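Some notes on the structure that comes next.
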Amino acid sequence: MPPMVTTAQAAGKSPTRYSVLGAVSFVHVLNDMMQSVILAIYPLLKGEFNLSFFQIGAITLTFQLTASLLQPVVGMVTDRKSLPYSLPIGMCFTLSGLLLLSVAPSYPLLLLAVALIGCGSSVFHPESARVARMASGGRYGFAQSVFQIGGNLGQALGPLLAAGIVLKFGRSHVGWFGLAAVLGIIVLLQVSRWYSHHINERVRKRTHADHPPFPAPVVRRTIGVLMVLMFSKFFYLASISSYYEFYLMHRFGLSMASATRLLAVFLMAVAAGTLIGGPIGDRIGRKQVIWFSILGIAPFTLLLPHVGLTWTVGLSVVIGVVLASAFPAIIVYAQDMMPHRIGMISGMFYGLSFGLGGLGAAVLGVVADHFGIVFVYQVCAFLPLLGLLAVFLPNVHPPGHGA
């Protein structure tokens, strides 16, 4: 049996800063809305540049690896030295990437554009996750859900806006999304001002948590299991976020616009799951949420490749809600294991989510090129069975709960 351990940090006495949580969540909407435009215009890019599925996957890989490799580095740097105004600076990279994406005349410049957007994410995610925890008032799962719901809503809105603007009027209209980046810069300047005024509070908490609350072998085993569970979750999500439109168009003969709208339905379901995952983890424990959300979708993923369109849409909604509830619990679970390295842990796990999504998109693109898009979903259906590894996670109680 895994050891029973409890979170060392009690719930903070400071009140929950809803305005700060709302601000970082709102910018998360803008940030991930701009990023999801890349996914939504894949059919357009495929036709314009005559790309293979592998090249489509390589676009995702370039964007997500740029973000994933830099996020832990940003987190480690800001663990040692507070850089509150790095947030609006990072958004400037996103703005430049969007403007280049709208006019890039060649495939290499497309890759450079998405790399710039990835650099923006590498700063935004770990630092905003830190700000959310600082503003949580001890309700860490709730704060992560509020922060992450912004990203999921942005991912769902991006394809709808792309379908109505970019797919209708052309790639050059991607540049209009730069206005969202400008708005994000303005809001993040206010968040950075609040952050800079609370640096002393952060230093006090960091000094209090100079040493990890759990033995090193427990921490290593837990982080390893969480990474495998992340692999299961994000490889499966990559199969839908990158190729769901192509699957619907190939299997059911849908138009590009109809497939894009159904992708948005799935992403909305992901947003709903993210919203409920954190608060439930605060109440009943992160391990229970992780266990159910990853292993629990296995029957639905196994059924998905063998049903008609109506059932496909319905099952995708169930899968999106249940699977997405794991991520806030995983992030806070990992933060609770290493409260002295919040930036590094946040950057590592957000970066891992980006990297696994990109790697999954590239690998599954090769599989789709050789064996067909339907085969991708038949193989990925077995990934949630890795959720059985959650049995090896220690029982870490939510803050304020007894052993």
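Here is a check on your reading of the model: is LEU262 in contact with a Leu (Cβ under 8 Å, 6 or more places away or on another chain) and within 25 Å of PHE124 (Cβ to Cβ)?
On the way: in contact with a Leu (Cβ under 8 Å, 6 or more places away or on another chain): yes; within 25 Å of PHE124 (Cβ to Cβ): no.
Judged against the criteria, LEU262 is not a match.
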For this session: Would you mind telling me which numbered condition in (1) in a helix (DSSP H, G or I); (2) touching a helix residue (DSSP H, G or I) at 6+ places or on another chain (Cβ under 6 Å); (3) of a type in the set (A, V, I, L, M) LEU254 fails?
Result: (1)
Exercise. Counting only residues that are out of contact with any Phe, Trp or Tyr (no Cβ under 8 Å at 6 or more places or on another chain), part of a loop (DSSP other than H, G, I, E, B) and touching a residue at least 40 places away in the same chain (Cβ under 8 Å), which one in the stretch 26-58 is nearest to LEU183 (Cα to Cα)?
Worked result: ILE41
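Condition test on ILE294, is it within 23 Å of MET337 (Cβ to Cβ) and either free of Cβ contacts under 8 Å to residues at least 12 places away in the same chain or within 19 Å of the chain's Cα centre (by Cα) (or both)? Reasoning before the result, please.
On the way: within 23 Å of MET337 (Cβ to Cβ): yes; either free of Cβ contacts under 8 Å to residues at least 12 places away in the same chain or within 19 Å of the chain's Cα centre (by Cα) (or both): yes.
In short, yes.
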Exercise. Conditions: (1) farther than 25 Å from PHE54 by Cα; (2) modelled with pLDDT of 90 or more; (3) crowded, with 21+ Cβ neighbours inside 10 Å. ASP282 meets all but one. Number of the miss?
Worked result: (2)
For this session: Keeping to the stretch 153-169, report how many residues are in contact with a Phe, Trp or Tyr (Cβ under 8 Å, 6 or more places away or on another chain) and aromatic (Phe, Trp, Tyr).
Result: 0
Exercise. Of the residues LEU109, LEU95, which is free of Cβ contacts under 8 Å to residues at least 12 places away in the same chain and either in a helix (DSSP H, G or I) or more than 29 Å from PHE54 (Cβ to Cβ) (or both)?
Worked result: LEU109
For this session: Assess whether SER239 counts as being in a helix (DSSP H, G or I), modelled with pLDDT of 85 or more and either buried (at least 22 other Cβ atoms within 10 Å of the Cβ) or hydroxyl-bearing (Ser, Thr, Tyr) (or both).
Result: no
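The values are calculated or read from the model by the stated rules, or taken from the named source; none is laboratory data. Keep in mind the model is a prediction, meaning the values are calculated, not measured. Positions of Cβ are generated from backbone atoms using ideal geometry, with glycine treated the same way; all protein chains shown enter the neighbour counts.
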